Amino acid sequence: MEAYDFGLLILRVVLGLTMAAHGYNKFFGGGRIPGTAGWFESIGMKPGMLHARIAATAEIAAGLGLAVGLLTPVPAAGFVALMLVAAWTVHRKNGFFIVKEGWEYNLVLAAAAVSVGATGAGKYSLDHLLFSGAAFYDYLHGWWGLVIALGLGLIGGIGQLAIFYRPPAPAEQS
């Protein structure tokens, strides 16, 4: 077992399960989907119910996809899109640092996921197990992995914000 591949495994599993836990919590924790939907409405992501379901599903899918290393740049792109939307809609006004509920954590998760997309999932992944001999394996790491993870993630996040985000008027914010 090489340290490089084991290190990637640790990073993927921790990042992935952290993101999946956030999605699970939206479905089954606290206010569940209706509570999450109401909160999404309050921050300007409308319709809230649609976005609550999309966010929870995307967090679970991207998290588990990264954790097992399946088509790695695609779940990494999911991280970028999710964290871009979260940073813009919730954390931007609070500045950078997480201690003041800023966007620092969002940046770290997105950057770590993009880095995994660029380096590849490593030998201990479904990518390696299923696709290491396939012609498109080169698209699952390196410059292609970086471009897919970052590009697709930015397109997804910016697209979602442009289409659905309608910031509440200052009097509407709670």
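The values are calculated or read from the model by the stated rules, or taken from the named source; none is laboratory data. Worth saying up front: this structure is predicted, and the values here are computed from it rather than measured. Glycine also receives a Cβ, built like all others from the backbone with ideal geometry; neighbour counts cover every protein chain displayed. What goes into the accessible areas is simple: the full protein's heavy atoms, side chains included, and nothing from ligands, DNA or RNA. Shrake-Rupley method; radii C 1.70, N 1.55, O 1.52, S 1.80 Å.
Quick check: the angle from helix 48-68's long axis to the longest principal axis of the chain, C-alpha only, nearest 10 degrees?
It works out to around 20 degrees.
For a protection proxy built on the mean count of beta-carbon atoms within 10 angstrom, sort 37-49, 111-123 highest first, please.
Result, highest mean Cβ count within 10 Å first: 111-123, 37-49.
Given 0.36 nm per residue, what is the gain on full extension from residue 5 to residue 94 after removing their alpha carbon distance, in nm?
Extra length from residue 5 to residue 94 when fully extended: 28.4 nm.
With every protein chain left in place, what is the accessible area per residue of the chain in square angstrom, probe 1.4 Å?
With all protein chains present, the chain gives 54 Å² per residue.
Against the longest alpha carbon principal axis of the chain, how many degrees, from 0 to 90 and to the nearest 10, is the axis of helix 153-164 turned?
Relative to the chain, helix 153-164 is tipped by roughly 20 degrees.
Highest mean first, how do 141-152, 97-108 rank when packing is the count of other Cβ atoms within 10 Å averaged over residues?
Going by the mean number of other Cβ atoms within 10 Å, highest first, we get 141-152, 97-108.
Considering only protein heavy atoms and a 1.4 Å probe, what is the carbon-and-sulfur percentage of the accessible area of the chain?
C and S atoms contribute 72 percent here.
With runs of 4+ DSSP H residues as the only contributors, calculate the mean residue ellipticity of the chain at 222 nm using -39,500 (n - 2.57) per run, divided by the residue total and rounded to the nearest 500.
One gets -21000 deg cm²/dmol as the mean residue ellipticity at 222 nm.
Restricting to Cα atoms and excluding each atom paired with itself, what does the Kirkwood estimate give for the chain in Å?
About 16.5 Å, per the Kirkwood formula over Cα pairs.
Simple spin-label model, 7 Å along Cα-to-Cβ: residue 50 to residue 136 in nm?
In this crude spin-label approximation the distance works out to 2.8 nm.
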